[in-house]
1. Residues that are in contact with a Gly (Cβ under 7 Å, 6 or more places away or on another chain) and under 23 Å from residue 159 (Cα atoms): does region 292-301 have at least one?
2. How many residues are surrounded by fewer than 18 Cβ atoms within 10 Å (Cβ to Cβ) and either closer than 21 Å to residue 217 by Cβ or basic (Lys, Arg) (or both) when one looks only at region 103-127?
3. Hey, could you check region 131-162 for residues that are part of a loop (DSSP other than H, G, I, E, B) and crowded, with 21+ Cβ neighbours inside 10 Å and say which is modelled with the lowest pLDDT?
4. Looking at region 292-314 only, could you name the residues that are closer than 26 Å to residue 28 by Cα and more than 20 Å from the chain's Cα centre (by Cα)?
5. Please state which of the following conditions residue 61 fails to meet, knowing it meets all the rest: (1) of a type in the set (A, V, I, L, M); (2) assigned to a loop (DSSP other than H, G, I, E, B); (3) modelled with pLDDT under 95.
6. Within region 37-48, is there a residue that is among the acidic types (Asp, Glu) and in contact (Cβ under 8 Å) with a residue 40 or more places away in the chain?
7. Only one residue in 214, 188, 141 is without any contact (Cβ under 8 Å) to a residue 60 or more places away in the chain and not β-branched (Val, Ile, Thr). Which one?
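The values are calculated or read from the model by the stated rules, or taken from the named source; none is laboratory data. Since the model is a prediction, treat every value here as computed from it, not as a measurement. All Cβ positions, glycine included, derive from the backbone under ideal geometry; neighbour counts span all protein chains shown.
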Amino acid sequence: MTGPEPIHVPVLRDAAVRLWAARRDGAYLDLTVGAGGHLKALSDYLDGTARLYGIDRDPAAAAAAAAQLAGAPQTVTIARGAYGEFETVTAAFGDRTYDGMLMDLGLSSLQLDDPRRGFTFRHDGPLDMRFDPESGGPTAADLVNSLGEKELVDLLHGYGEERRAKRVAQAIVRERRMRMVQTTSQLAGLVERIAPARDLHKTLARVFQAFRIAVNGELEQLAATMPRLLPRLRAGGRLVVISYHSLEDRLVKRFFQAEAKGCVCPPEAPLCACGRAPRLRILTRRAVVPDETEAAANPRARSAKLRAAERVGA
């Protein structure tokens, strides 16, 4: 029996599997399983005695991953939940510690290709952007229509690194005096009036990125979750993180560096007084990025950066 054909080719598949797979008979957790592409690739590499686990806050993604792994020879468990809630979500899993964990922080093809989710400016749809549309939390439209101009500027600059943040915020405020901004095409239209043609695509991407990150609390969740993963990683186990913009990559890089250093004493201190030992050994001196072939075949992979580290100590 074989599973369904992959819905999409996972980003940096071969590098992810090579760095993720600490041992062929281990236990592995994909914290952002998406449609299951990375976990399926790992399954093809591992022994049948391995155990595979995946979680995702998007119900459609969790269902797709379960279908994708249906024919895997390993024991596979897929569950609903945000990676920031992994302690609760994994409480019923057969393994509590893992030989490898992976986080692919990008949007899945399922999310991008469905206009009803509101993640893309390429198609008209409701301005939602929630990873879990059943969560009941605020949508992008809620933020667009409720935040003050300064709050919008801070959001666009802080989460999108958008240099036209003030002009975009002013355009939003002007527009909503006449009508609420409820759709992706409305928001995209406001940006199109401001950004020159040569910068339009990147500006749209940064604006939509900013609202998506804000709606889902992505940076806060990432920063709060990474330290909590390490006690669940067995000695010699690997943590692999794939990010898609500089804000995420910076958080991952600094976390890995801090955990590889261990000691947090001031540089001028003659001896270490904190006693803090390193918990990670960095495996990727520089971030792994897609080669020209992958970037050409999958434009969504162009901005991906993969970093990996290995658990050391107890």
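1. Initial filter on region 292-301 (in contact with a Gly (Cβ under 7 Å, 6 or more places away or on another chain)): none.
No: zero hits.
2. 4
3. Let us first name the residues in region 131-162 that are part of a loop (DSSP other than H, G, I, E, B), namely 131-139, 147-148, 161-162.
Next, only the ones that are crowded, with 21+ Cβ neighbours inside 10 Å stay: 131, 162.
Values: 131: 88, 162: 95.
Across region 131-162, the extreme among qualifying residues is 131.
4. Selection gives 311, 312, 313, 314.
5. Of the numbered conditions (1) of a type in the set (A, V, I, L, M); (2) assigned to a loop (DSSP other than H, G, I, E, B); (3) modelled with pLDDT under 95, the odd one out for residue 61 is (2).
6. Taking region 37-48 as the starting set, the residues that turn out to be among the acidic types (Asp, Glu) are 44, 47.
With the extra rule that they be in contact (Cβ under 8 Å) with a residue 40 or more places away in the chain, the set shrinks to none.
No.
7. Values: 214 fails: without any contact (Cβ under 8 Å) to a residue 60 or more places away in the chain; 188 fails: without any contact (Cβ under 8 Å) to a residue 60 or more places away in the chain.
Matching residue, one of 214, 188, 141: 141.
To keep it simple, each residue is scored yes or no on (1) touching a residue at least 12 places away in the same chain (Cβ under 8 Å); (2) out of contact with any His (no Cβ under 7 Å at 6 or more places or on another chain); (3) not in a loop (DSSP other than H, G, I, E, B).
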{"site": "269", "(1), (2), (3)": "no, yes, no"}
{"site": "278", "(1), (2), (3)": "yes, yes, no"}
{"site": "306", "(1), (2), (3)": "yes, yes, yes"}
{"site": "313", "(1), (2), (3)": "yes, yes, no"}
